[in-house]
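Colleague: Here it is, the structure, as structure tokens.
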Amino acid sequence: MGCDGGTIPKRHELVKGPKKVEKVDKNAELAAKWRYCALSQEKLKRPIVACELGRLYNKDAIIEYLLDKSAERPNTEVVAHIRSLKDVKELNLTDNPAWEGERHNIKGDRYEDMHCAMFICPVVGLEMNGKHKFLYLQTCGCVFSERALKEVKTEICHKGKLTRSNGLNLFCCCSSIT
């Protein structure tokens, strides 16, 4: 049918309209912030550090950057504010018992749930997958969900390292609100 010489094309078939701008999936972008190092773009592995802006890094990537700042790296603008290891804090993260990780998906033939996170809040049990806002304490590096800090009205860190009366310095970790 058609293409026999007797068809008359319509205008929309001949004229191409403006290209649609591809939108970034917000959920995928937030999940990537929690799974990959902001500097090296590799999967996060312990020890994990965070800066005051809330970006997560592999500690070895930060050390390599600080030792050789002259090397050409693609993401040096995300760490321009980091001058030494004192500008980052090593995080005390709680492992998620439901996360199977790489050990069960070696061949790549299994479904990997992108919403299941490597770490959880030790108080409430929320997964650190980008859907909830998390904060870390500058003094000890303990990581909590914002909901846990609102619900628990205690004066001591969950590991007993800090009292709120000493001045609580909280920094946001890759929050869901950007």
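The values are calculated or read from the model by the stated rules, or taken from the named source; none is laboratory data. Worth saying up front: this structure is predicted, and the values here are computed from it rather than measured. Neighbour counts run over all protein chains shown; Cβ positions are idealised from the backbone, glycine included. The protein model used for the area step is the full one, side chains on, heavy atoms only, and it has no ligands, DNA or RNA in it. Shrake-Rupley method; radii C 1.70, N 1.55, O 1.52, S 1.80 Å.
Colleague: Largest first, what is the accessible-area ranking of 143, 15, 21 with a 1.4 Å probe?
Modeller: 21, 15, 143
Colleague: Treat each spin label as a single point 7 Å out from the Cα along the C-beta direction, and report the residue 24 to residue 42 distance in nm.
Modeller: Placing both labels 7 Å beyond Cα along the Cβ direction yields 2.3 nm.
Colleague: At what distance in nm do the modelled label points of residue 68 and residue 147 sit from each other, each positioned 7 Å from its Cα along Cα→Cβ?
Modeller: 4.4
Colleague: Convex hull over the Cα atoms of the range 1-105, averaged projected area in nm²?
Modeller: Computed as one quarter of the Cα hull surface, the answer is 13.8 nm².
Colleague: Something else: What are the ³J(HN,Hα) couplings of the range 15-25, residue after residue, when phi is run through the Karplus curve with 6.51, -1.76, 1.60 and θ = phi - 60°? Round to Hz, x for glycine and proline.
Modeller: 9, 8, x, x, 5, 7, 6, 6, 8, 7, 5
Colleague: Can you give me the long-range amide H partners of residue 36? Hydrogens built in the peptide plane at 1.01 Å from N, cutoff under 5 Å, separation of 5 or more residues or another chain.
Modeller: 44
Colleague: Compute the separation of the alpha-carbon centres of the range 37-76 and the range 8-33 and state it in Å as a whole number.
Modeller: With the range 37-76 and the range 8-33 each reduced to a Cα centre, they are spaced 33 Å.
Colleague: Moving on to the next point. If you plug each phi of the range 39-53 into the Karplus form 6.51 cos²θ - 1.76 cosθ + 1.60 with θ = phi - 60°, what whole-Hz ³J(HN,Hα) values come out, in order, with x for Gly and Pro?
Modeller: Karplus-based 3J(HN,Hα) across the range 39-53 equals 8, 8, 6, 8, 4, 5, 9, 5, x, 10, 10, 9, 9, 5, 7 Hz.
Colleague: Could you tell me the relative contact order of the range 27-96? Use alpha-carbon pairs under 8 Å, at least six residues apart, and round to a whole percent. Before the final figure, lay out each step's value.
Modeller: Working: 73 pairs, mean separation 22.8, N = 70.
Contact order relative to length: 33 percent.
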